[in-house]
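See below for the structure under consideration.
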Amino acid sequence: MKLHNILALGAALAVLPLAGFAQEAAEVVEEVAPTFDEIGPYIMTTLLFLIGGFLVMWMAAGFAMLEAGLVRSKNVTTQLTKNIALFSIAAIMYWLVGFNLMYPGDGNWLSDGYLGPLFAITSLEPVGLAAADASLDYASVASDFFFQLMFCATTASIVSGTLAERVRLWPFLFFTVILTGFIYPIEASWQWGGGWLSEAGFSDFAGSTLVHAAGGFAALAGALVLGPRIGKYARDGRVVPMPGSNLALATLGTFILWLGWFGFNGGSQLAAGTVGDITDVGRIFANTNMAAASGAVAALILTQVTYGKVDLTMVLNGALAGLVSITAGPLDPTLFGALWIGAVGGVIVVFAVPLLDRLKIDDVVGAIPVHLVAGFWGTLVVPVYTEGTSFGTQILGFAAIGAFVFVVSLIVWFILKALGGIRVSEEAEINGLDMAELGMEAYPEFARG
């Protein structure tokens, strides 16, 4: 046999074991590596949480602009400071205690689902998590934490606008610590954490009650303890108008909130790994938009009929009330259903704002009608389109959460008032909180009258 034939035969014999080893390795990899059908839902749901989360985070800018536009110019800087501070406080408190209090899992130290573990700091997955080590039936912990945090911060933003122009900065921020670290996580755990309301059949898809009405109840408690602004209600019973400083900013804030709401409601589908899930997200977007539009149009028409002129602030709040109204059940209604649900929300605002004034409850931006009253409406109407729900259970859930948030908030506000006071001095209120609390103005080039 020639030499080159011998060498070729030897090489072939040498490669055969390697080929067999490569085939075995490929079979092992095929057995271990998950397919896209397995990891796809995890990836898509994680992406939904991240996109939804930064859309809801953008709502913080919306609240800041809305409040900056609806307060007087001498208080704008204070409102902006409160909004960026409360968002930052919420982020820290939700990490420190809120997330695990809201989603206790197996660590729930009360088996009836009323309270989760206190002071359980949130931890994330390790860097470079392998697919084999991930919980592929849901999404990453980091994305879930990020998404849920935004709802917590939104609750605090609602309180800020109601108490504007007379509340002291630091007591308000201390209340934010309690609200975002304890009050909101506890009541939200009753539904979204698998607690007793969830077991009772209560339904709140994205938070008409758990977020918006809860924020409204906390704001109502603060407004009652704080009292109205100086000069808001005359001795003869008249309500003295106190126009905001910049309706352009207020309108911008409303549009930003409208945009952020797509993440608020759409992300609450909590899944994007199937054709059905992602189609439902699109349906939620469409219904959310329709409710906002109909709420704005209803307020537009009703203010023209009632007052003889359109009131832009009512139209803005009408859109927001429409959004709050659809939030408890944005998936199941038809587009026509979303239209009439949102329209009722717009009508609620037009009548609820003057009702609060008759009760001498001073709500600077109209947050209580928008978030609390429209939140009740949105929660109550869920059984019209959503199977397996009942009006009785919806009322039970709203009453339980409202009572808890209102009573605890009232206690905290009274404690703060007793310890050091929650209201600025009369002189500071007249001159403006910007100079009294911060020593700077939002519009320094304009002389104060």
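The values are calculated or read from the model by the stated rules, or taken from the named source; none is laboratory data. None of these values were measured; they are calculated from a predicted model. Every residue, glycine as well, gets a Cβ built from its backbone with ideal geometry; the counts of neighbours run over all protein chains shown. These area figures cover heavy atoms from the full protein model, side chains too; ligands, DNA and RNA do not enter into them. Shrake-Rupley method; radii C 1.70, N 1.55, O 1.52, S 1.80 Å.
Here are the numbers for this structure:
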{"read-out": "Hits in region 356-375 - residues which are more than 14 Å from Y233 (Cβ to Cβ) and open to solvent by 50 Å² or more (accessible area, probe 1.4 Å)", "value": "V373"}
{"read-out": "Matching residues in region 420-449 - criterion: being part of a loop (DSSP other than H, G, I, E, B), among the hydrophobic types (A, V, I, L, M, F, W, C) and buried (at least 18 other Cβ atoms within 10 Å of the Cβ)", "value": "I422, V424, A442"}
{"read-out": "Condition check for T274: polar (S, T, N, Q) and either under 30 Å from E38 (Cα atoms) or open to solvent by less than 40 Å² (accessible area, probe 1.4 Å) (or both)", "value": "yes"}
{"read-out": "Failed criterion for G329 (all others in (1) touching a residue at least 12 places away in the same chain (Cβ under 8 Å); (2) farther than 20 Å from I401 by Cβ; (3) not in a helix (DSSP H, G or I) hold)", "value": "(2)"}
{"read-out": "Single residue of I256, I183 found to be buried (at least 22 other Cβ atoms within 10 Å of the Cβ) and of a type in the set (A, V, I, L, M)", "value": "I183"}
{"read-out": "Region 295-309 residues that are of a type outside the set (F, W, Y), paired with ones that are surrounded by fewer than 12 Cβ atoms within 10 Å (Cβ to Cβ) and modelled with pLDDT of 95 or more (beta carbon under 9 Å, 6 or more apart)", "value": "T303/K309"}
{"read-out": "Subset of region 286-341 (residues that are open to solvent by less than 30 Å² (accessible area, probe 1.4 Å) and β-branched (V, I, T))", "value": "T288, T303, V315, V324, I326, T327, I341"}
{"read-out": "Some residue of region 157-173 being open to solvent by less than 10 Å² (accessible area, probe 1.4 Å), under 24 Å from T209 (Cβ atoms), touching a residue at least 40 places away in the same chain (Cβ under 8 Å) and touching a Ser or Thr at 6+ places or on another chain (Cβ under 7 Å)", "value": "no"}
{"read-out": "Cβ-Cβ under 6 Å pairs, at least 6 apart or on other chains, region 363-384 side on the phi > 0 side of the Ramachandran plot, far side modelled with pLDDT of 95 or more", "value": "G366/N317; G366/V353"}
{"read-out": "Qualifying residue in region 349-357 (condition: of a type in the set (D, E, K, R) and part of a helix (DSSP H, G or I))", "value": "yes"}
{"read-out": "Those helices (runs of 4 or more DSSP H) lying entirely in region 111-214 with at least 2 residues in contact with an Asp or Glu (Cβ under 6 Å, 6 or more places away or on another chain)", "value": "141-162"}
{"read-out": "Subset of region 47-91 that is of a type in the set (S, T, N, Q) and over 24 Å from G181 (Cα atoms) - its residue that is most open to solvent (accessible area, probe 1.4 Å)", "value": "S73"}
